[in-house]
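Visitor: Structure below; questions to follow.
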Amino acid sequence: MQNELDTFLMTDQPATCPKCGARTDFQEVSKDEAIGVIQIHQCFDKKCQYKFEVIEF
(Lines give C-alpha, C1' and ligand atoms only; values in the text may rest on other atoms or scores of the structure.)
Protein backbone atom coordinates (compact mmCIF):
# COMPACT_ATOMS: atom_id res chain seq x y z
CA MET A 1 0.00 0.00 0.00
CA GLN A 2 1.35 3.42 -0.92
CA ASN A 3 1.59 6.18 1.70
CA GLU A 4 -1.42 8.50 1.48
CA LEU A 5 0.23 11.43 3.33
CA ASP A 6 2.67 13.96 1.89
CA THR A 7 6.14 13.45 3.39
CA PHE A 8 8.58 16.14 4.54
CA LEU A 9 12.06 15.96 6.07
CA MET A 10 12.56 16.90 9.73
CA THR A 11 14.61 20.02 10.48
CA ASP A 12 15.96 21.55 13.68
CA GLN A 13 12.98 23.97 13.72
CA PRO A 14 9.49 23.02 14.96
CA ALA A 15 7.30 21.77 12.14
CA THR A 16 4.68 24.12 10.74
CA CYS A 17 1.92 23.43 8.25
CA PRO A 18 3.30 23.63 4.70
CA LYS A 19 -0.08 24.88 3.45
CA CYS A 20 -0.94 27.69 5.90
CA GLY A 21 2.11 28.09 8.18
CA ALA A 22 0.29 27.34 11.46
CA ARG A 23 1.85 25.22 14.20
CA THR A 24 1.09 21.52 14.27
CA ASP A 25 0.35 18.78 16.75
CA PHE A 26 2.10 15.47 16.16
CA GLN A 27 2.30 11.86 17.19
CA GLU A 28 5.53 9.88 16.89
CA VAL A 29 4.66 6.63 15.14
CA SER A 30 8.10 5.05 14.70
CA LYS A 31 11.58 5.30 16.14
CA ASP A 32 13.77 2.69 14.49
CA GLU A 33 17.54 2.73 13.89
CA ALA A 34 17.10 1.70 10.24
CA ILE A 35 14.14 3.97 9.46
CA GLY A 36 14.65 6.89 11.85
CA VAL A 37 11.90 8.90 13.50
CA ILE A 38 8.52 9.17 11.77
CA GLN A 39 5.92 11.64 13.00
CA ILE A 40 2.37 12.29 11.79
CA HIS A 41 1.56 16.02 12.05
CA GLN A 42 -1.80 17.78 11.85
CA CYS A 43 -2.32 21.52 11.49
CA PHE A 44 -3.86 23.30 14.51
CA ASP A 45 -5.80 25.72 12.26
CA LYS A 46 -9.46 24.64 12.32
CA LYS A 47 -9.97 25.72 8.69
CA CYS A 48 -6.91 23.85 7.39
CA GLN A 49 -6.42 20.62 9.41
CA TYR A 50 -3.78 19.46 6.86
CA LYS A 51 -2.21 16.14 7.87
CA PHE A 52 1.31 15.14 6.79
CA GLU A 53 4.25 12.91 7.67
CA VAL A 54 7.67 14.14 8.87
CA ILE A 55 10.70 11.84 8.76
CA GLU A 56 14.22 12.16 10.15
CA PHE A 57 17.21 10.86 8.21
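The values are calculated or read from the model by the stated rules, or taken from the named source; none is laboratory data. Computed from a predicted structure; not experimentally measured. Positions of Cβ are backbone-derived with ideal geometry, glycine not excepted, and every protein chain shown enters the neighbour counts. Calculation scope for accessible area: heavy atoms of the full protein, side chains included, ligands and nucleic acids excluded. Shrake-Rupley method; radii C 1.70, N 1.55, O 1.52, S 1.80 Å.
Visitor: Rank these residues by their accessible area, most exposed first, probe 1.4 Å: PHE44, PHE57, PHE8.
Guide: Working: PHE44 120, PHE57 195, PHE8 75 Å².
In descending accessible area the options line up as PHE57, PHE44, PHE8.
Visitor: Sequence neighbours fewer than 8 away in the same chain don't count; with that in mind, list the aspartates and glutamates whose C-alpha is under 15 Å from LYS19.
Guide: Straight-distance partners of LYS19: ASP6, ASP45, GLU53.
Visitor: Can I ask one more? Among DSSP bridges having both ends in the chain, what percentage is antiparallel? Round to the nearest 5.
Guide: Details: 14 of 17 bridges.
Counting DSSP beta bridges with both partners in the chain, the antiparallel share is about 80 percent.
Visitor: I would also like to ask the following. Sort ILE40, ILE35 by heavy-atom solvent-accessible area, probe 1.4 angstrom, most to least. Each step should come with its number before you reach the end.
Guide: Numbers: ILE40 35, ILE35 90 Å².
Solvent-accessible surface, decreasing: ILE35, ILE40.
Visitor: Residues of the chain: accessible area per residue at 1.4 Å, in Å²? Before the final figure, lay out the partial values.
Guide: Details: 4570 Å² over 57 residues.
The answer is 80 Å² per residue.
Visitor: While we're looking at this one, here's another question. What net charge do the residues around PHE26 carry, taking every other residue with its C-beta under 15 Å from that of PHE26, with Lys and Arg at +1 and Asp and Glu at -1? Walk me through the intermediate numbers first.
Guide: On the way: positive: ARG23, LYS31, LYS51; negative: ASP6, ASP25, GLU28, ASP45, GLU53, GLU56.
Residues near PHE26 contribute -3 overall.
Visitor: Same structure, new question: At a 1.4 Å probe radius, carbon and sulfur cover how many percent of the accessible area of the chain? Present the calculation step by step, with values, prior to reporting the outcome.
Guide: Values: 2230 of 4570 Å².
The C+S portion of the solvent-accessible surface of the chain is 49 percent.
Visitor: Kindly identify the chain as rounded, prolate or oblate by the Cα gyration tensor criterion: order the square roots of the eigenvalues as a ≥ b ≥ c, call it rounded if a/c is under 1.5, otherwise compare a/b with b/c, prolate if a/b is larger, else oblate. Walk me through the numbers before you get to the answer.
Guide: On the way: a/c = 2.23, a/b = 1.58, b/c = 1.41.
The shape class here is prolate.
Visitor: Right, next: Using modelled backbone amide H atoms (1.01 Å from N, in-plane), which distant-in-sequence or interchain residues come within less than 5 Å of PHE8's amide H?
Guide: GLU53, VAL54, ILE55
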